[in-house]
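Taking it in order: structure first as C-alpha coordinates, then the write-up.
The values are calculated or read from the model by the stated rules, or taken from the named source; none is laboratory data. All figures in this text were calculated on a predicted structure; none of them were measured in a lab. Ideal geometry is used to build each Cβ from the backbone, glycine not excepted, and the neighbour counts take in all protein chains shown. Accessible surface areas use protein heavy atoms only, side chains included; no ligands, DNA or RNA. Shrake-Rupley method; radii C 1.70, N 1.55, O 1.52, S 1.80 Å.
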Amino acid sequence: MRRILIAGNWKMNVIDNILPVARAAEENRVDVAVFPPFVYLERIINELKGSKVVVGAQNMHHQESGPYTGETSPKFLLEMNVKHVIIGHSERRHVFKESDEEISLKMKKALSLNMNPILCVGETESERLSNKHKSSVENQLKIGLGGIENNLKNIIIAYEPVWAIGTGNTATPNDAEEMHSFIREQISYIFGRNVASEMIVLYGGSVNEENVKDLLRKDNIDGALVGGASLKGDKFAKIIEIGGKTNI
Ligand code: PGA
(Lines give C-alpha, C1' and ligand atoms only; values in the text may rest on other atoms or scores of the structure.)
Protein backbone atom coordinates (compact mmCIF):
# COMPACT_ATOMS: atom_id res chain seq x y z
CA MET A 1 0.00 0.00 0.00
CA ARG A 2 1.51 3.31 -1.09
CA ARG A 3 1.06 6.19 1.34
CA ILE A 4 0.17 9.64 0.06
CA LEU A 5 3.04 12.16 0.19
CA ILE A 6 2.40 15.88 0.00
CA ALA A 7 5.63 17.78 -0.69
CA GLY A 8 6.17 21.53 -0.87
CA ASN A 9 8.90 22.86 -3.16
CA TRP A 10 9.50 26.45 -2.04
CA LYS A 11 11.98 27.19 -4.85
CA MET A 12 13.63 30.61 -4.19
CA ASN A 13 10.91 31.62 -1.69
CA VAL A 14 10.01 31.06 1.95
CA ILE A 15 6.65 30.03 3.41
CA ASP A 16 4.69 32.72 5.28
CA ASN A 17 3.81 30.51 8.26
CA ILE A 18 4.97 26.95 8.90
CA LEU A 19 2.77 26.25 11.94
CA PRO A 20 -0.42 25.18 10.08
CA VAL A 21 1.73 22.76 8.07
CA ALA A 22 3.18 21.14 11.20
CA ARG A 23 -0.32 20.90 12.67
CA ALA A 24 -1.84 19.39 9.52
CA ALA A 25 0.97 16.81 9.33
CA GLU A 26 0.22 15.86 12.94
CA GLU A 27 -3.54 15.56 12.47
CA ASN A 28 -3.71 13.73 9.13
CA ARG A 29 -2.59 10.27 7.99
CA VAL A 30 -0.28 11.48 5.27
CA ASP A 31 3.45 11.99 4.75
CA VAL A 32 4.53 15.61 4.45
CA ALA A 33 7.83 17.11 3.26
CA VAL A 34 9.02 20.64 2.61
CA PHE A 35 11.98 21.74 0.49
CA PRO A 36 13.24 25.17 1.57
CA PRO A 37 16.18 27.01 -0.01
CA PHE A 38 19.55 25.75 1.33
CA VAL A 39 20.23 28.74 3.57
CA TYR A 40 16.91 28.24 5.36
CA LEU A 41 17.29 24.50 5.96
CA GLU A 42 18.71 24.80 9.44
CA ARG A 43 16.12 27.34 10.56
CA ILE A 44 13.20 25.29 9.22
CA ILE A 45 14.61 22.07 10.69
CA ASN A 46 14.71 23.80 14.08
CA GLU A 47 11.23 25.23 13.71
CA LEU A 48 9.87 21.78 12.81
CA LYS A 49 11.71 19.87 15.54
CA GLY A 50 9.40 17.22 16.99
CA SER A 51 6.94 17.55 14.09
CA LYS A 52 6.22 14.91 11.45
CA VAL A 53 7.25 17.14 8.56
CA VAL A 54 10.35 15.96 6.72
CA VAL A 55 12.72 18.70 5.56
CA GLY A 56 14.56 18.12 2.29
CA ALA A 57 16.81 19.98 -0.15
CA GLN A 58 16.02 21.26 -3.65
CA ASN A 59 19.25 20.08 -5.25
CA MET A 60 22.75 18.75 -4.53
CA HIS A 61 26.02 18.20 -6.37
CA HIS A 62 27.05 14.70 -7.41
CA GLN A 63 30.49 15.08 -5.81
CA GLU A 64 31.11 15.22 -2.07
CA SER A 65 33.70 18.01 -2.21
CA GLY A 66 35.85 19.94 -4.66
CA PRO A 67 36.19 23.12 -6.69
CA TYR A 68 32.47 23.64 -7.38
CA THR A 69 31.71 27.25 -6.48
CA GLY A 70 28.13 27.78 -5.42
CA GLU A 71 27.30 24.08 -5.15
CA THR A 72 26.18 21.98 -2.18
CA SER A 73 27.67 18.63 -1.19
CA PRO A 74 25.34 15.78 -0.27
CA LYS A 75 27.57 15.29 2.77
CA PHE A 76 26.66 18.76 4.04
CA LEU A 77 23.00 17.80 3.76
CA LEU A 78 23.57 14.58 5.65
CA GLU A 79 25.38 16.47 8.41
CA MET A 80 22.06 18.25 8.97
CA ASN A 81 20.23 14.93 8.70
CA VAL A 82 18.64 16.05 5.43
CA LYS A 83 18.07 12.88 3.41
CA HIS A 84 15.35 13.89 0.96
CA VAL A 85 16.55 15.77 -2.10
CA ILE A 86 14.84 16.89 -5.31
CA ILE A 87 16.88 15.84 -8.35
CA GLY A 88 16.42 17.14 -11.89
CA HIS A 89 13.59 19.59 -11.27
CA SER A 90 12.44 21.11 -14.55
CA GLU A 91 13.90 24.48 -13.56
CA ARG A 92 17.27 22.80 -13.02
CA ARG A 93 16.95 21.08 -16.39
CA HIS A 94 15.66 24.01 -18.43
CA VAL A 95 16.87 27.18 -16.70
CA PHE A 96 20.20 25.84 -15.41
CA LYS A 97 20.74 23.41 -18.31
CA GLU A 98 21.33 20.32 -16.19
CA SER A 99 21.73 17.30 -18.42
CA ASP A 100 20.19 13.86 -18.01
CA GLU A 101 23.72 12.55 -17.47
CA GLU A 102 24.35 14.95 -14.57
CA ILE A 103 21.00 14.00 -13.10
CA SER A 104 21.94 10.33 -13.37
CA LEU A 105 25.19 11.00 -11.45
CA LYS A 106 23.22 12.81 -8.74
CA MET A 107 20.74 9.93 -8.45
CA LYS A 108 23.58 7.42 -8.10
CA LYS A 109 25.35 9.54 -5.49
CA ALA A 110 22.19 10.15 -3.45
CA LEU A 111 21.36 6.44 -3.38
CA SER A 112 24.92 5.42 -2.57
CA LEU A 113 24.58 7.62 0.52
CA ASN A 114 21.18 6.08 1.35
CA MET A 115 19.41 9.38 0.69
CA ASN A 116 15.85 9.68 -0.71
CA PRO A 117 16.00 11.35 -4.11
CA ILE A 118 12.87 12.67 -5.79
CA LEU A 119 13.57 12.34 -9.50
CA CYS A 120 11.54 14.86 -11.50
CA VAL A 121 10.56 14.08 -15.07
CA GLY A 122 8.19 15.77 -17.48
CA GLU A 123 7.72 16.86 -21.06
CA THR A 124 7.77 20.37 -22.50
CA GLU A 125 4.72 21.87 -24.18
CA SER A 126 6.14 21.35 -27.66
CA GLU A 127 6.89 17.70 -26.87
CA ARG A 128 3.28 17.20 -25.79
CA LEU A 129 1.90 19.02 -28.82
CA SER A 130 4.00 16.87 -31.14
CA ASN A 131 2.97 13.71 -29.29
CA LYS A 132 6.49 13.09 -27.97
CA HIS A 133 5.55 13.37 -24.30
CA LYS A 134 5.83 9.66 -23.58
CA SER A 135 9.14 9.18 -25.38
CA SER A 136 10.57 12.24 -23.61
CA VAL A 137 9.59 10.98 -20.16
CA GLU A 138 10.70 7.46 -21.03
CA ASN A 139 14.13 8.79 -21.96
CA GLN A 140 14.43 10.85 -18.77
CA LEU A 141 13.52 7.78 -16.69
CA LYS A 142 15.90 5.48 -18.56
CA ILE A 143 18.86 7.80 -18.03
CA GLY A 144 17.88 9.00 -14.55
CA LEU A 145 17.34 5.47 -13.23
CA GLY A 146 19.80 3.56 -15.41
CA GLY A 147 22.60 1.68 -13.67
CA ILE A 148 21.01 2.00 -10.24
CA GLU A 149 21.00 -1.17 -8.17
CA ASN A 150 20.89 -0.15 -4.53
CA ASN A 151 18.31 1.37 -2.23
CA LEU A 152 15.59 1.28 -4.89
CA LYS A 153 13.00 1.66 -2.13
CA ASN A 154 14.36 5.15 -1.43
CA ILE A 155 13.44 6.47 -4.88
CA ILE A 156 10.46 8.78 -5.39
CA ILE A 157 9.41 9.98 -8.85
CA ALA A 158 7.66 13.27 -9.58
CA TYR A 159 5.89 13.67 -12.90
CA GLU A 160 5.84 17.40 -13.61
CA PRO A 161 4.84 18.45 -17.12
CA VAL A 162 6.89 21.59 -17.80
CA TRP A 163 3.89 23.38 -19.32
CA ALA A 164 1.95 22.90 -16.06
CA ILE A 165 4.56 24.29 -13.68
CA GLY A 166 3.72 27.73 -12.34
CA THR A 167 1.23 28.36 -15.15
CA GLY A 168 -2.10 27.51 -13.53
CA ASN A 169 -2.60 24.94 -16.32
CA THR A 170 -2.64 21.75 -14.35
CA ALA A 171 -2.90 18.45 -16.26
CA THR A 172 -6.39 16.97 -16.17
CA PRO A 173 -6.62 14.06 -13.73
CA ASN A 174 -7.09 11.69 -16.68
CA ASP A 175 -4.06 12.99 -18.60
CA ALA A 176 -1.97 12.88 -15.44
CA GLU A 177 -3.12 9.33 -14.64
CA GLU A 178 -2.28 8.20 -18.16
CA MET A 179 1.29 9.44 -17.71
CA HIS A 180 1.56 8.04 -14.17
CA SER A 181 0.52 4.62 -15.33
CA PHE A 182 2.99 4.89 -18.24
CA ILE A 183 5.72 5.89 -15.76
CA ARG A 184 4.93 2.94 -13.50
CA GLU A 185 5.14 0.66 -16.51
CA GLN A 186 8.57 2.10 -17.41
CA ILE A 187 9.74 1.61 -13.82
CA SER A 188 8.65 -2.01 -14.00
CA TYR A 189 10.75 -2.50 -17.16
CA ILE A 190 13.76 -1.01 -15.36
CA PHE A 191 13.37 -2.46 -11.85
CA GLY A 192 10.64 -5.11 -12.09
CA ARG A 193 6.95 -5.24 -11.14
CA ASN A 194 7.38 -5.37 -7.37
CA VAL A 195 9.53 -2.27 -7.16
CA ALA A 196 7.23 -0.44 -9.57
CA SER A 197 4.12 -1.23 -7.57
CA GLU A 198 5.70 0.16 -4.38
CA MET A 199 7.28 3.28 -5.83
CA ILE A 200 5.71 6.64 -4.95
CA VAL A 201 4.95 8.70 -8.06
CA LEU A 202 3.95 12.30 -7.31
CA TYR A 203 2.22 14.71 -9.65
CA GLY A 204 3.42 18.32 -9.83
CA GLY A 205 2.38 21.36 -11.83
CA SER A 206 -0.08 23.99 -10.55
CA VAL A 207 -1.49 21.76 -7.82
CA ASN A 208 -3.72 23.65 -5.38
CA GLU A 209 -6.43 22.99 -2.81
CA GLU A 210 -9.09 23.02 -5.55
CA ASN A 211 -7.63 20.44 -7.94
CA VAL A 212 -5.65 18.15 -5.63
CA LYS A 213 -8.55 15.91 -4.62
CA ASP A 214 -9.40 14.75 -8.14
CA LEU A 215 -5.72 14.15 -8.92
CA LEU A 216 -5.12 12.11 -5.76
CA ARG A 217 -8.16 9.93 -6.44
CA LYS A 218 -6.38 8.40 -9.43
CA ASP A 219 -4.85 4.96 -8.88
CA ASN A 220 -1.29 5.81 -9.89
CA ILE A 221 -1.02 9.30 -8.37
CA ASP A 222 0.50 8.93 -4.91
CA GLY A 223 0.81 12.52 -3.87
CA ALA A 224 1.76 15.97 -5.03
CA LEU A 225 4.83 18.14 -5.41
CA VAL A 226 3.43 21.59 -4.81
CA GLY A 227 5.22 24.84 -5.69
CA GLY A 228 3.28 28.12 -5.48
CA ALA A 229 0.49 26.73 -3.29
CA SER A 230 2.99 25.49 -0.69
CA LEU A 231 4.09 29.04 0.22
CA LYS A 232 0.98 29.96 2.19
CA GLY A 233 0.88 27.83 5.33
CA ASP A 234 -2.93 27.75 5.52
CA LYS A 235 -3.40 26.73 1.90
CA PHE A 236 -0.70 24.08 2.04
CA ALA A 237 -2.24 22.72 5.25
CA LYS A 238 -5.55 22.36 3.40
CA ILE A 239 -3.83 20.32 0.67
CA ILE A 240 -2.29 18.10 3.37
CA GLU A 241 -5.72 17.60 4.91
CA ILE A 242 -7.18 16.55 1.54
CA GLY A 243 -4.21 14.19 1.10
CA GLY A 244 -5.01 12.64 4.48
CA LYS A 245 -8.61 12.01 3.49
CA THR A 246 -7.52 10.35 0.25
CA ASN A 247 -5.17 8.04 2.16
CA ILE A 248 -7.97 6.36 4.12
P1 PGA B 1 3.85 24.89 -9.12
O2 PGA B 1 5.31 24.24 -9.07
O3 PGA B 1 2.99 24.12 -8.16
O4 PGA B 1 4.03 26.30 -8.72
O5 PGA B 1 3.37 24.73 -10.53
C6 PGA B 1 5.50 22.85 -8.94
C7 PGA B 1 6.96 22.50 -8.99
O8 PGA B 1 7.70 23.13 -9.76
O9 PGA B 1 7.43 21.58 -8.28
Exercise. Just going by the charge dipole of the chain, with Lys and Arg at +1 and Asp and Glu at -1 on Cβ, which of Met60, Met199, Gly144 is farthest out on the positive end?
Worked result: Met199
Problem set entry | Given charges at Cβ of Lys, Arg, Asp, Glu: the chain dipole, positive-most of Val85, Thr69, Val121 | Val85
Problem set entry | Straight-distance crosslink candidates among aspartates and glutamates, where the alpha carbon sits under 15 Å from Lys75 and sequence neighbours closer than 8 are dropped | Glu42, Glu64
Exercise. For the charge dipole of the chain, defined by +1 on Lys and Arg C-beta atoms and -1 on Asp and Glu C-beta atoms about the Cα centroid, which residue among Ala164, Ala33, Ala224 has the Cα displaced farthest towards the positive pole?
Worked result: Ala33
Exercise. Seen from all sides and averaged, what is the projected area of the convex hull of the Cα atoms in region 115-248, in nm²?
Worked result: 8.1 nm²
For this session: Calculate the all-directions average of the projected area of the chain's alpha-carbon convex hull, and give it in nm².
Result: 12.1 nm²
For this session: Determine the alpha carbon to alpha carbon distance for each of Lys83/Lys109; Lys52/Lys238; Lys134/Lys245; Lys11/Lys97 and list only those over 22 Å.
Result: Lys134/Lys245
Problem set entry | Net charge dipole size for the chain [Lys, Arg +1 and Asp, Glu -1 on Cβ; Debye, nearest 20] | 400 debye
For this session: Using a 1.4 angstrom probe on heavy atoms only, work out the carbon and sulfur share of the accessible area of the chain in %.
Result: 48 percent
For this session: Would you tally the net charge around Asn151, using a Cβ to Cβ cut-off of less than 15 Å, leaving Asn151 out, and scoring K and R as +1, D and E as -1?
Result: +3
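May I ask you to give the solvent-accessible area per residue for region 85-246, in square angstrom, as obtained with a 1.4 angstrom probe?
42 Å²
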Exercise. How high is the relative contact order of the chain, in percent, counting Cα pairs under 8 Å that sit 6 or more residues apart?
Worked result: 25 percent
For this session: Sum -39500 (n - 2.57) across every DSSP H segment of at least 4 residues in the chain, then divide by the residue count to get the 222 nm mean residue ellipticity, nearest 500.
Result: -12000 deg cm²/dmol
